[in-house]
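The values are calculated or read from the model by the stated rules, or taken from the named source; none is laboratory data. These numbers come from a predicted model, not from an experiment. Note that each Cβ is placed from the backbone with ideal geometry, even for glycine, and that neighbours are counted across all protein chains shown. What goes into the accessible areas is simple: the full protein's heavy atoms, side chains included, and nothing from ligands, DNA or RNA. Shrake-Rupley method; radii C 1.70, N 1.55, O 1.52, S 1.80 Å.
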Amino acid sequence: MISSDLMKLQEKTSRLDRNQVQLALAIADTALLKSLLVDCTPAIALPHQINQLKVTVGPPPGQKGAEHADAVIEYEQLWCTPSEGAPNEDHFSVKDYQSLTRCQSELKTLGWRISLSDAIALLQHGGFQESQIQRILQLPWEGWYRSWWDTFEPQGHLGLPFQRWFRTRCYSDGTYTLQYRDHYAQDAPPCFRGIWQQVPVVINQAAGQFGETLTGLKKACHTLNAQRCILLADELLTDLEAEGYIRQGVSLYPLQQSALAEQSLCQRCDRNQCPMRHQQNAPIINCRDYVSYA
């Protein structure tokens, strides 16, 4: 429904409203931000590797070289996740199991003298279920909780599984220390669950020059140590320009396919009691009762 409304709006106007797009980014929900990373060309991330998401509108403060960025999307790229059980016996023999865990990492601390609520939050973020979290937190002093984890290859495909051992230290003041050690085949997991990535976003301007826009994008990537960037493009982008951007490592996201373009705050609000709900030309730019689509 949003896509069809957007197409009608695009037929009425060919001018890209930068302020309106930035406002849409500021109030964007997780699904829309995820779409920017997944549905751009070429895609920056795969859906199953995106965990937490957040966006900052405008150039990052104090970051010289990123002045051309209209926004920065930060997302947690998953590199490993708890598996449902041990590796399938049909594919792994006893010897294979031994080879999957032949290397051992140093003991790593996930949380040091943290509260119970923080300990639960960390384990939930790791992907554990409530019953598993209770077992980990109630471990005896010398006990270990063993779990199998799946890894992701750089292309997003499943890699070799590994085993992760947890231990817990509970102190008299009610705090906890959570530690783990990985047992793997060859390459150690680079993180506990995921690595945060930054993606600068630039809104294409009709009057902008290809070289100028590309220079701004590359400067933003270098400043933020980002591997990829997104150019929000309108219908004024030619096929030649699109190919040029893609060949230079820029991912393109056509605004015609999203709710970012020409969507007012009230258009995106789902508060049934408000008379301005779904109004296209509502003058509202900020509302404390805003309710996003479910």
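Got a sec? What order do 112, 141 fall in by accessible area at 1.4 Å, biggest, i.e. largest, first?
Listed by decreasing accessible area, they come as 112, 141.
Note on region 87-203: the C-alpha convex hull projects to 10.2 nm² when averaged across all orientations. Positive-end ranking of 123, 47, 66 along the dipole of region 27-168, with charges on Cβ about the Cα centre, is headed by 123. On a per residue basis, region 94-220 carries 55 Å² of accessible surface, using protein heavy atoms and a 1.4 Å probe. For the pair residue 225 and residue 172, label points projected 7 Å from Cα toward Cβ lie 4.2 nm apart.
Note on residue 63 and residue 106: their simple-model spin labels are 3.0 nm apart, each label 7 Å out from Cα toward Cβ.
Compared with the alpha-carbon gap, the fully stretched path from residue 240 to residue 195 is longer by 12.8 nm at 0.36 nm per residue.
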